1. Filter the stretch 80-124 for residues that are in a strand (DSSP E or B) and free of Cβ contacts under 8 Å to residues at least 24 places away in the same chain; which is surrounded by the fewest Cβ atoms within 10 Å (Cβ to Cβ)?
2. Only residues that are open to solvent by 80 Å² or more (accessible area, probe 1.4 Å) and either in a strand (DSSP E or B) or hydroxyl-bearing (Ser, Thr, Tyr) (or both): list them for the stretch 69-78, please.
3. Among the residues of the stretch 135-153, are any part of a loop (DSSP other than H, G, I, E, B) and at positive phi?
4. From the set of residues in the stretch 1-38 that are buried (at least 17 other Cβ atoms within 10 Å of the Cβ) and within 14 Å of the chain's Cα centre (by Cα), which is modelled with the lowest pLDDT?
5. Here are some residues: Ser73, Ser66, Ser14. Which one is touching a residue at least 12 places away in the same chain (Cβ under 8 Å) and more than 30 Å from Cys132 (Cα to Cα)?
6. So is Leu41 under 23 Å from Leu116 (Cβ atoms), touching a strand residue (DSSP E or B) at 6+ places or on another chain (Cβ under 7 Å) and free of Cβ contacts under 8 Å to residues at least 12 places away in the same chain or not?
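The values are calculated or read from the model by the stated rules, or taken from the named source; none is laboratory data. Remember, it's a predicted structure, so these values are computed and weren't measured experimentally. Note that we place each Cβ from the backbone using ideal geometry, even for glycine, and neighbour counts take in every protein chain shown. Just the protein is used for accessible areas: all its heavy atoms, side chains included, with ligands, DNA and RNA removed. Shrake-Rupley method; radii C 1.70, N 1.55, O 1.52, S 1.80 Å.
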Amino acid sequence: MQVSLEQIFNIEGSHKDFDYSFTPDYSLSDDFTLSSPIKFLGAVRNTAGIVTLSGQASFTANVICSRCAEEFSKDFAVSVEHTLVSELQNEDNDEFYLVEDKQLDIDALICEDIILSLPFVFLCKEDCKGICSQCGKNLNDGECNCKKAVDPRMAALLELLDD
């Protein structure tokens, strides 16, 4: 959604509230697919001449567990906090978000925040056991019947236990 912020930048104390949903027309990540639209609840405010965007984006996605490779559904909530400026003195400043021509593509900014907040791994549950490296069985469904590999350096000691 393209939003004009001309009035917000020009009038101290002004604000614009947002409560809407959208679906991006591109994939946010190879690791998951959205199963619900992204809902954003927030506002742009001019407080003492400082324009800020704050709010929360929430959505549900189908993700693949990094340990057991099972697909599961997960709810996400991402905080969106930015200080907006219409011009920058220092181009290398990451503390401010430049809003050119006082037009903000709020969907793109929210999607960027979502991508940056995603974890490196998704787990179906904290204690996910993963899969057996020999037979590929999902160990969350029960133990497999594979014989555990023996470290060749310990084989001689194990022979002493067999006697």
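1. Among residues in the stretch 80-124 that are in a strand (DSSP E or B) and free of Cβ contacts under 8 Å to residues at least 24 places away in the same chain, the one surrounded by the fewest Cβ atoms within 10 Å (Cβ to Cβ) is Leu98.
2. Glu71, Asp75
3. The answer is yes; a qualifying residue exists.
4. Step by step, filter the stretch 1-38, then rank; the result is Leu28.
5. So the residue among Ser73, Ser66, Ser14 that is touching a residue at least 12 places away in the same chain (Cβ under 8 Å) and more than 30 Å from Cys132 (Cα to Cα) is Ser14.
6. So Leu41 fails the test.
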